[in-house]
1. Can you list the residues, at least 5 places off or on another chain, whose amide H is less than 5 Å from the amide H of Gly52, using H built in the peptide plane?
2. Which of the trypsin sites (Lys or Arg not before Pro) found in region 50-138 are loop residues per DSSP with 15 or fewer other Cβ atoms within 10 Å of their Cβ?
3. Among the listed pairs Lys95/Lys142; Lys38/Lys111; Lys113/Lys142; Lys89/Lys113, which are separated by more than 20 Å between their Cα atoms?
4. For Ala97 and Met67, FRET efficiency with R0 = 22 Å and r from the beta-carbon atoms, rounded to 0.05?
5. What full-extension length gain, to one decimal in nm, is calculated for Thr46 and Lys76 as 0.36 nm per residue of separation minus the Cα-Cα distance?
6. Given a 1.4 Å probe, how much area per residue of region 34-134 is accessible, in Å²?
Amino acid sequence: MRRPSKAFSVAILLASSVTAQAAPFDISGAWFRSLPGKLPAGGYFTVQNNTGRDVTITGASSDACGMLMIHQSSNKGGMTSMMMMEEVKVPAGGKIAFAPGGYHLMCERPKMKIGGKVPVTLHLAGGNSATVAFEVRGAAGK
Ligand SMILES: [Cu+2]
C-alpha cells in the first residue's frame with residue numbers, strides 16, 4: 001500500500017502546479033469582509049489537503065494588509081474572543097474552513113476595494129507557500 005499512495009500524492013502535486021501555484025493543497029472560496037473606515041478585514045477560505053501528509057499553515061502575508069494574522073474566534077459563556085494562532089494544521093485528507101466565528105485571517109490596515117481581488121500568500125511549514133486571490137466583499141459578505 002505504501003507505493004501507490006506515494007505515487008498518488010506526487011500526481012496531485014504535479015496537477016496543482018500546472019493549474020496554479022505549486023500549492024500542495026486546494027484553497028477555495030477565498031474572500032475578505034471589507035468594513036468601513038479603519039476596521040480590520042476578516043479573511044475566509046476553505047482548504048482541502050490532498051497531499052497524503054499533514055500540512056501546517058504557519059502564517060499569511062499580503063501587500064493589501066499592514067499586518068496579517070491568523071486568528072481563532074471562540075465563544076465561551078457568551079463572551080466572544082479572538083486568539084492569535086501560531087499555526088493551523090490541516091490533516092492529511094482533511095478539510096479546514098476559515099469562516100466567520102472560527103479561524104480567520106485578520107487584515108489590519110487593509111488596502112482593498114469592494115468588488116476587487118487581492119492576493120494573499122499562505123506560508124506552510126517546510127518552506128512552501130500558496131498564493132491565492134481573495135475576493136473583496138462588503139460588510140454583508142456579498
Ligand atoms: Cu480576528
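1. So Gly52 has HN proximity to Gly93.
2. Values: sites: Arg53, Lys76, Lys89, Lys95, Lys111, Lys113, Lys117, Arg137; in loops: Arg53, Lys111, Lys113.
Here the sparse-neighbourhood loop sites are Arg53, Lys111, Lys113.
3. On the way: Lys95/Lys142 24 Å; Lys38/Lys111 10 Å; Lys113/Lys142 13 Å; Lys89/Lys113 30 Å.
Too far apart for the 20 Å limit: Lys95/Lys142; Lys89/Lys113.
4. Numbers: r = 23 Å, r/R0 = 1.05.
That gives a FRET efficiency of 0.45.
5. Details: separation 30, 0.36 × 30 = 10.80 nm, distance 2.43 nm.
Net length gain for the segment: 8.4 nm.
6. Values: 5520 Å² over 101 residues.
Averaged over the residues of region 34-134, the accessible area is 55 Å².
The values are calculated or read from the model by the stated rules, or taken from the named source; none is laboratory data. These numbers were taken from a predicted model, which means no experiment stands behind them. Don't worry about glycine lacking a Cβ; one is built from the backbone with ideal geometry, like all the others, and counts go over all protein chains shown. The area values use the complete protein model at the heavy-atom level, side chains included, leaving out ligands, DNA and RNA. Shrake-Rupley method; radii C 1.70, N 1.55, O 1.52, S 1.80 Å.
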